[in-house]
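What follows is a single structure, written as structure tokens, with notes after it.
The values are calculated or read from the model by the stated rules, or taken from the named source; none is laboratory data. Every value quoted in this text rests on a predicted model; they were computed, and no experiment measured them. We place every Cβ from the backbone using ideal geometry, glycine too, and count neighbours over all the protein chains shown. Ligands, DNA and RNA are excluded from the accessible area calculation, which covers all protein heavy atoms including side chains. Shrake-Rupley method; radii C 1.70, N 1.55, O 1.52, S 1.80 Å.
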Amino acid sequence: MGAWAIAVHGGAGVDPNLPKERQEEAKRLLTRCLDIGISALRSNLSAIDVVELVVRELETDPLFNSGRGSALTENGKVEIEASIMDGPKRRCGAVSGLTTVKNPVSLARLVMEKSPHSYLAFSGAEEFAKKQGVEMVDNEYFITEDNVGMLKLAKEANSILFDYRIPAVGTCGASAAMDSPLQMNGLPISVYAPETVGCVVVDKQGRCAAATSTGGLMNKMSGRIGDSPLIGSGTYASELCGVSCTGEGEAIIRSTLAREVSAVMEYKRLNLHEAVDYVIKNKLDEGKAGLIAVSKDGEVACGFNTTGMFRGCATEDGFMEVGVW
């Protein structure tokens, strides 16, 4: 019997001017999710059960960009994506383009366990959800007043907004977005701070699992797919570790960031902390991102090259930490 460990994240790339009350609100949610995961692990739930349970909680709370509270497309709708992976046999499931599924991470698990495929998207995923009897809601359920306002700001700036939660400083947040030196695939974007959610767990049997869920980018093109549902990029789990990423999706996709952690552990014989540090420093090119990870030995680690990352972790020996910066 080994030792369990858990980590959660609510997105990498935090504005230094983020109001204190917003920081504390995020910390309370992360703490609550850790407590849920810890209780489940103490009750001997498997790693795959725990990551699903925790990400469902994050999807239900509108604070972060997943499930209810997801970013809006250029058409004012929500298109959500998620993935989940079970390390021991590297089973996985992923979904994209969901508009009426209340908890995308659970549908991703059903794709893994109840279909012959690993990835379903858009109308096919929605039809599969209906056949599986999962809870469905109107698209309006996911939309919040804050996000409607931030979509308006994004359209005025003619920009994709990463940092769609942070209040504008001064009188013209839109022009600030246009003047941003940050780029994605050569195109200007606004201040960088996506709020994807994820969870990684290793249970007492040394089984690792990972899950990630997001609404994507504010004002994204309809049909855009990011890193979160892509196995090996936003999510990965093996017999060695479990990893969930957050940040600039296109950079994470190019670097297959989550898989890289497992690969350098396997081929370079690095431990978890060394692997996370190596990948963040050497595999992102000029991209901005972060990740959380656990190993089969009960280690937990996080890494990011952004100003901050909403994160929390806990281990069986009593260690628990929640942080932003």
query: Is segment 244-257 home to any residue that is assigned to a helix (DSSP H, G or I), out of contact with any strand residue (DSSP E or B) (no Cβ under 8 Å at 6 or more places or on another chain) and buried (at least 24 other Cβ atoms within 10 Å of the Cβ)?
result: yes
query: Are there any pairs, at least 6 apart or on different chains, whose C-beta atoms fall under 9 Å, with the first in segment 14-27 and under 18 Å from residue 69 (Cβ atoms) and the second outside any helix (DSSP H, G or I) and polar (S, T, N, Q), and if so, which?
result: 14/306; 14/307; 15/307
message: If I go through segment 309-323 residue by residue, how many of them are out of contact with any Leu (no Cβ under 8 Å at 6 or more places or on another chain) and surrounded by fewer than 24 Cβ atoms within 10 Å (Cβ to Cβ)?
response: 6
- prompt: Is at least one residue of segment 7-14 more than 14 Å from residue 210 (Cα to Cα) and open to solvent by 10 Å² or more (accessible area, probe 1.4 Å)?
  reply: no
statement: Per the filter on segment 205-222, residues part of a loop (DSSP other than H, G, I, E, B) and modelled with pLDDT of 95 or more are 205, 206, 207
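At pLDDT below 95, open to solvent by 50 Å² or more (accessible area, probe 1.4 Å), more than 30 Å from residue 317 (Cβ to Cβ) and not hydrophobic (A, V, I, L, M, F, W, C): does that describe residue 171?
Judged against the criteria, residue 171 is a match.
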message: Looking at segment 254-288 only, could you name the residues that are aliphatic (A, V, I, L, M) and either more than 19 Å from the chain's Cα centre (by Cα) or farther than 14 Å from residue 232 by Cβ (or both)?
response: 263, 264, 265, 270, 272, 275, 276, 280, 284
message: Quick check on segment 225-243. Is at least one of its residues small (Gly, Ala, Ser), outside any strand (DSSP E or B) and open to solvent by 20 Å² or more (accessible area, probe 1.4 Å)?
response: no
field: Neighbours by Cβ (under 8 Å, 6+ apart or cross-chain): first from segment 259-282, free of Cβ contacts under 8 Å to residues at least 60 places away in the same chain; second aromatic (Phe, Trp, Tyr)
entry: 259/236; 261/236; 262/236; 264/278; 268/278; 270/278; 280/304
message: Pairs needed: first member in segment 52-67, in contact (Cβ under 8 Å) with a residue 40 or more places away in the chain and among the small types (Gly, Ala, Ser); second member anywhere, part of a helix (DSSP H, G or I) and buried (at least 24 other Cβ atoms within 10 Å of the Cβ); C-beta distance under 6 Å; at least 6 residues apart or different chains.
response: 66/58; 66/59; 67/59
